[in-house]
Every structure is written in C-alpha cells, then in structure tokens.
Amino acid sequence: MIQKKICMLGAFAVGKTSLVARYVKSMFSEKYLTTVGVKIEKKLVKVDNQDVMLMLWDLAGEDEFNKVQTSYLRGSSGFILVIDGTRHTTLDVALNLQKNLQESFGKLPFILVFNKADLVNEWEIDPGTIEMLQASGNIVFRSSAKTGQNVEEVFLTLAEMMVK
Amino acid sequence: MSAKRDLETKESKQIEQDVNSQDEFTQLRSLLLGSEQAQIAKISDRLDNHKTRAEEISHVLADAINQSSKRDQQLTESLLPTVEEAIRISVKKDARILVDALFPVIGPAIRKAISQALSGMLQSLNQTLDQSFSWKGLLWRIEAFRTGKSFAEVVLLKTLLYRVEQLFLIHRESGLLLQHVVADLVVAQDADMVSAMFTAIQDFVKDSFGVKEGETLQTLQIGELNVWVEQGPKATLAAVIRGDAPADLRNFFQDAIEMIHFHYQDALEGFSGDASVFEPSRKTLEDCLQAQYEKQTQGKFSPAFWIFVSSISFLILGWSFFYLRDTYRWKSYLDKLRTTNGIVITETGKIDGKYYVSGLRDPLAPDPDQILKLSKLNSEAVVSHWEAYNSLHPEFIIARTKQILAVPSGVDLRFENGTLHLTGRARHSWIKEARKLFRAIPVHLQESKLIDIDLEKLNSLKSNIEQESIFFSTGQSKPLLSESEKIEKLLANIKVLAKEATLNDINIELEVLGHSSSIGTDLLNSRLSQERAETVVAIFVRRGLEPKLFSVHAMAAKESDEQNLVEHNINQRVSFRVVLADI
Ligand SMILES: Nc1nc2c(ncn2[C@@H]2O[C@H](COP(=O)(O)OP(=O)(O)O)[C@@H](O)[C@H]2O)c(=O)[nH]1
Ligand SMILES: [Mg+2]
C-alpha cells in the first residue's frame, strides 16, 4: 500500500474543511484542529488497482493574520488549492500560495478547485479566468461541498497525478 | 609511393633555391599568418607564465571542484591527507584560530550532551527520592537489606515496571507511517492517523515556540502514558510507554533509530509513500518491545503472587506465634513439674507431634494433670506416663505418717536429722494404736515428748488419791467421823478414775493399805490394819464401786512409808496406792 500526504490549502472559509468532510464522511479529529491548526483525515482509494492511502491535512485558513505554518506542508505529495468562486480575492490567495509552494518544494502535483459551484450565480470569478488557467496547463475543477459535485473526482484525480 | 618521393625531392630542391629569398618568405608568412602567430605567442606566454596561469585557474577552480564533487569522491579523497595535514599544522602553529572557529559549534554540542546525561541522571535520582519515603519504598528497603543490594539498585530494578506498548516509525517530512508495532494485548488506534497527528503536533510545537532547527519534542506525557520521541534525520521513532521507564531506555531507542537509518538510508531518502520496504525493520522495533517485556516480568510480581506471599508470611507468623507460645508453655509446665516435690521427671520429648513426659510421682504429690491445666497447654497435645513411688522428702514422710497414723489435731510432726519427732497431746487410745503402726513408717520415730492426755488425767487422779489417808481412832476399825467428807471426795475421784480407765482400756488396781500404830502386838496391829482397810473397801463397795477394783493390804506399823506418822503415833489410818496396768 502506498501512502500520500495531501494538503488542503486556500483562503479562509473557502470550503476546505467542508470538502474533506464531504469526502471522508468522518469527524475523527475535529477537536484538534483549532489548537494545532491542522486536522487530519484519511481515505483509501484505488489507483490502477493499487491501494493508495490519502492522508488529508486540512490546514487552518490562509489570511493576512494567520500564516500557514510551512512545516506542515513538508513531505506533501500533492496540494489541493481551494478557491471560493464567490470571492475573487480567494483566487489571488490560491495563486500566491501556489507560487510560494513551488519555490519551497519544487514542482508537485496540485489541483485548483473552484468551490461553491452551487452558488454559481453569485460568482465573482468569471468563466474566462478559469478557462485561461486551464489552458495554461493547470488542473481545474468546479466543485461543491454542499451538493457533492466533483468532490470524489478532485481527490481521485490528484491521487492519480501523484502515483504516476 | 613514387609520387611521394618525387614530391620530397622537389621540396628539398626548392628549399635550396629559396635560401636567397628568405626575407621575402618571412614577409609573406607574416602577411598570411600574422594574427595566428601572435595568438600562439600569447598562448605559450600564458602557459609559461606562472602568474598568468594562476590567475586564470583561480577563475575556474571553484566550478571545477564543484563539478568533481558532484561526479564522485575522488577529489575529496585526494584532498583529505592535505587538509588533515593543514589542520594539524594550523593547530601546531596557533591553536587559537581553530578554537575560535569551532567555538560556536562545540559549545552547544557539549551543552547538549551534558544536559542529556544530567536529565537522565536526575530522572533516576527523582525516582529514587520519590520512592524513599513511601510504603513501597519501605518494602524495597527491606528487600535491599535482605538481598544485600543497594537501595538505589532495588529502586532501579523496580522502576522497570513499565511497558513499551507501541512503536511508531514515522517519515519525518510527511508524517507518513513507515512501521508500527504493538505489544500483545494492547489496543492500538488508527496508527497512520496517530502518526500524522503526532507529526502535526511536533510541527505545531516547533512553529509555536520558535524551537531551533533540529531540536524537537522529546517527551509527551498523558497520564500514565509517555511518548518518547527519538529523532533521526529522516525518520522519527515514537515509543508509547505505560508507566515509568528508566532514562537509559532512551539509549535503546536511539540505537534502533540509528540502525534503521543505517539500513534504510536510500529508502528513507527516496520515500514516496510506499512503506513496504520498511517491513524488515519490524524485527528491530519488536526487539524494543520485547526487551522491555523481559525486564518488566523480572521486576514485577503479580498481585496473586503478593497475596500468596503475604498469606504464607501470615501463616508462618501465626504458626511461629503458636509454636513459640506452646514451647514456652511446655517449658514452664516442665519447670513447674521439676520444682514440685514428689515428682521426678525421667524423660521428655516429642512423639508423633505431641509433647511427651514420663517420670515418677508420689501419690501424695500434686496431680500433674492439674498442673497441666494451669499451664494452658492443650492437654490433648501432651502424653504423660507416671510411675508411683514413695518420696523420702520430709514433706512426704510427714504426709504419709499423718495418713498412716491418722494423726489427730493436737499432734505435731517434725522431721529433723533423720528422725521424725511427734509432739503435742493425744488421746491414750490413739497413742496405743499408733505405736503398733510405728514400724510401717520408714524413718526413725521419736515420741517421748508426746503427751498422753488420758494418762495424764489418770495420773493426776492417782496422785490425788494416793495423797489422801483416812484416819481412825486408836484401836478402832471405824473411820473418824470427821473423815466422812474426805471419804466422799475419794469416792468421787475413784469413780472418775475407774470410768476413765475403762474408757481408755487401762486396767486399774486400787491397793487399800491399812495401817496401825506400833503400840500393841504385831498380830493385833496387823488384824486391826486389815480390818480398817476392809472397812474402807466396804464403804466404797456399798457406795457403788466394784469390789474387784480393790485389794486389801495389812501394813500394820512396819511397812508404813510415813515413818514420822508412826513415830508420832498417828499412824491409825488407811492409805491408797493406784496401780495402772496395760498402759
Ligand atoms: N453553498 C456552499 N457553501 C459552502 C460550500 N463549501 C463550504 N461552504 C460553506 O462555507 C463556509 C466555510 O467552510 P469551511 O469548510 O469551514 O471553509 P474552510 O475555512 O476553508 O475550511 C461554511 O459555512 C460552509 O458551510 C459549498 O460548496 N457551497
Ligand atoms: Mg477549515
């Protein structure tokens, strides 16, 4: 069995915790999150008939007051950068984070997730921006932790990217 | 071949021809190859000139070393002796330079080593002190005293009461679990989650408290559980320990993590999530579990064992108490027997778990069973055998004499110098009977001081009677009238005497002696004295006394024991003599 560490990253309240909760359907270490700044969940997936254990590190939100502790990011095999479609600033945060990650850890698989797809009418980010990002080689998903749209796909795709 | 030869000859011919045109040729050459010539000159100058070459190499040296180091170790190896020598010379020349350079490194390294050693020592010391004044500590002190070990040694042995329950081998960077071993009977949580959370906590501590790189959380304590962390460069070993483990257990874990780094250097370096390569490390980790188990079982006894030990001690204590108590009682019983007169112990011991005593006992001695009862010994546990004998102890001679003779209350017995003295007063009948039994007494008897009450009385009466005389007128055989009172008194005394004598089985004879004066013929006087005695006897008989009591004796004047009466011619009288027979 292969294990992979994945970090959930993104601005405050974009839906990182909601996505993980939706995906693993467990509440194992909710209580640790606030004190330690990280919540860890795990999920077993199959990639090419091979078991892969995903260890999902859900970090406390990134904003100007609360910097992500980089030590948590070390040893990650991939990242999920979550953006709240209804807030344009969250995309800036995500792209900035991505840039910093690449500087610190080199090229690692990551996915850009535009969350809250169920609120598409309220989106500030226009489809053109997303298509542009996609066109420049980024893996991009529109998801909703509320409806479950694309949630499985996000994690499975990252798992495949990491294993190959 | 021939063509080549032609060409050579042609050339040589031409050189000969050209000797004259040397200058022209030089001119031409400089025109054609001038710049190349200058370059060649410059190159040869670069090669020949030391200074220039050094300057040039200085530009590429760093890059060259860099490349060589990347390629292989050759450069490092070839440089090694030179560098070593350089350091040696440097130290020799001026050690301060190197000391100053190393100071920032050596200081913390030494401090770290010392503080680690001290903290281990303090932990042991604390455990020792902690246990010094507790109840457990007291038991350990007893054990130390009993086994001859030092107290600290015993404490150390006892503090190995811990169990290494789980070991996590964790990839340091990712927090992914590389290996996990669990002791028997321990219920383990989701190991990979624990591993990740543990790493997160480590990171949290590191980030939150601004710990320096390379320094990490070493111990976590949650109630009875301790998590000991051994950090390697690539992997972390976290040991979950229940109870108090001695500090030197850390060495054990350090060895393990070092060994793992040594064996799995490449796997750790290139770890990408596949932990299966670390499977063989399970053995190393399990050894950590097992080694501690052995120590634990050495030091710890189960509660059942303690219950067993304390019951046994209790039994032994109880048994000792009863044993000692009974032994004491047995000894006192024997002592009591030994000091009791009339009892002689010939043999003591134990037979079939029972006390045994045999000996001689005077039937008059106190009953040993009674003494046994007073000793509070269980009479069931004592077997006795007594042979009867007669003790010659004065006490028993006296007792036995009293028994045989039925000594009455007025009589005292005293044993002195081998003779038993009888003193006091006794009835005549008893004395008479006792004398017959004297032979049965095994010692010499002395009874001369024993007073015969009855005989004393008889003798008193006898002397009273014998003192008296009944007087007559001259020539008369009838007592004087004035004598009648005396006669009454005599009569009474004789009656008592007769009665007492009969009671005591003594025969009495009352000799009635008739006397006369010496005037007149002997025949007459003899007849007169006869008549006088007979007259008195007749009076007595008439007054109720038995005739056979009396015997009449005519004493006349001659045989009078009162010669002065005869001389004064007042011997006309009757006197009495009492004879006690069969005393
Ligand atoms: N409508 C909608 N709300 C969402 C979605 N995902 C998260 N939320 C809400 O967004 C808020 C923040 O979510 P949370 O998961 O805590 O964000 P985090 O700070 O990134 O972990 C919560 O109120 C969620 O209910 C979504 O897909 N749709
Ligand atoms: Mg969250």
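If you wrap the tightest convex hull around every Cα atom of the stretch B:160-298 and split its volume per residue, you get 109 Å³. Going from the fewest other Cβ atoms within 10 Å to the most, the residues B:F198, B:F145 appear in the order B:F145, B:F198. Over all other residues within a Cβ to Cβ distance under 11 Å of B:L225, the charged ones net out to 0, with Lys and Arg as +1 and Asp and Glu as -1. Treating r as the C-beta distance of B:T346 and B:D369 and R0 as 25 Å, the FRET efficiency rounds to 0.90.
Can you give the average number of partner chain beta-carbon atoms within 10 Å of each beta-carbon in peptide B:173-179, as a whole number?
Details: counts 6, 9, 10, 8, 3, 1, 0.
Averaged over the peptide's residues, the number is 5.
The count of lysine pairs in the stretch B:454-582 that are at least 8 places apart or cross chains, and whose C-alpha atoms lie under 27 Å apart, stands at 26. Lysines within cross-link reach of A:K116: Cα-Cα under 19 Å, excluding same-chain residues under 8 positions apart? By straight Cα distance, A:K116 reaches A:K16, A:K25, A:K146. Quick one: check the C-alpha center-to-center distance for the stretch B:375-424 versus the stretch B:436-475, whole angstrom. Cα centroid to Cα centroid, the span is 33 Å.
Expressed in nm to one decimal, what extension gain is obtained for the pair B:R71 and B:K331 from 0.36 nm per residue of sequence separation less their Cα-Cα distance?
Details: separation 260, 0.36 × 260 = 93.60 nm, distance 9.98 nm.
Full-extension gain reported as 83.6 nm.
Which trypsin sites (Lys or Arg not before Pro) from the stretch B:179-250 combine a DSSP loop assignment with at most 10 other Cβ atoms within 10 Å?
Values: sites: B:K206, B:K212, B:K234, B:R242, B:R250; in loops: B:K212, B:K234.
Sparse-neighbourhood loop trypsin sites (Lys or Arg not before Pro): B:K212.
Panel note: the C-alpha atoms of the stretch B:454-582, placed on their principal axes, show extents of 45, 25, 22 Å (largest first). Taking every pair of alpha-carbon atoms in the stretch B:305-388, give the share separated by more than 20 Å as a whole percent. So the portion of pairs separated by more than 20 Å is 41 percent.
Amide H contacts of A:L9: A:I80, A:L81, A:V82, each under 5 Å away and 5 or more positions distant or on a separate chain (H built 1.01 Å from N in the peptide plane; Pro and chain starts excluded).
Pairs exceeding 26 Å between alpha-carbon atoms, taken from A:K4/A:K107; A:K164/B:K206; B:K212/B:K283: A:K164/B:K206; B:K212/B:K283.
In straight-distance terms, cross-link reach from A:K46 covers every one of the aspartates and glutamates whose alpha-carbon lies under 18 Å from its own, apart from those fewer than eight places away in the same chain; here that gives A:E152, A:E153, A:E160, B:D192, B:D274. Computed from the C-beta positions of B:A188 and A:L95, the FRET efficiency with R₀ = 56 Å rounds to 0.85. Toward the positive end of the charge dipole of chain A, with +1 on the Cβ of Lys and Arg and -1 on the Cβ of Asp and Glu, the farthest Cα among A:I6, A:M132, A:P109 is that of A:I6.
Figure the gain on full extension for B:K354 and B:L33 (residue separation times 0.36 nm, minus the Cα-Cα span) and round it to one decimal in nm. Working shown, then result.
Numbers: separation 321, 0.36 × 321 = 115.56 nm, distance 13.89 nm.
In short, 101.7 nm is gained.
Note on A:76-86: average number of Cβ atoms from other chains within 10 Å of each residue's Cβ is 1. Note on the stretch B:454-582: dipole from Cβ charges, positive end direction compared against B:L490, B:N507, B:A538; the farthest Cα belongs to B:A538. Across all Cα pairs in chain A, the calculated P(r) in 10 Å bins from zero up to the longest distance comes to 11, 42, 38, 9, 0 percent per bin.
Computed over neighbours whose Cβ is under 15 Å from that of B:F321, the net charge equals +2, Lys and Arg +1, Asp and Glu -1.
The modelled label-to-label distance between A:Q50 and B:K376, using points 7 Å beyond Cα along the C-beta direction, is 8.9 nm.
For B:K93, go through the lysines and keep the ones whose alpha-carbon is under 22 Å away, minus same-chain ones fewer than eight residues off. Excluding near neighbours in sequence, the set is empty. Extension gain for B:E511-B:S463 works out to 16.0 nm (0.36 nm per residue, less the C-alpha to C-alpha distance). Neighbours of B:L47 by Cβ distance under 14 Å: Lys/Arg scored +1, Asp/Glu scored -1, total 0.
If the only charges are +1 at each Lys and Arg Cβ and -1 at each Asp and Glu Cβ, what is the size of the charge dipole of the stretch A:2-163 around the Cα centre, to the nearest 20 debye? Let's see the in-between values first.
Values: 18 positive and 19 negative charges, 124 e Å.
Rounded to the nearest 20 debye, it is 600 debye.
FYI, it's all coordinate maths here, none of it is from the lab. Small disclaimer: the values here were computed from a predicted structure and weren't measured. Neighbour counts run over all protein chains shown; Cβ positions are idealised from the backbone, glycine included.
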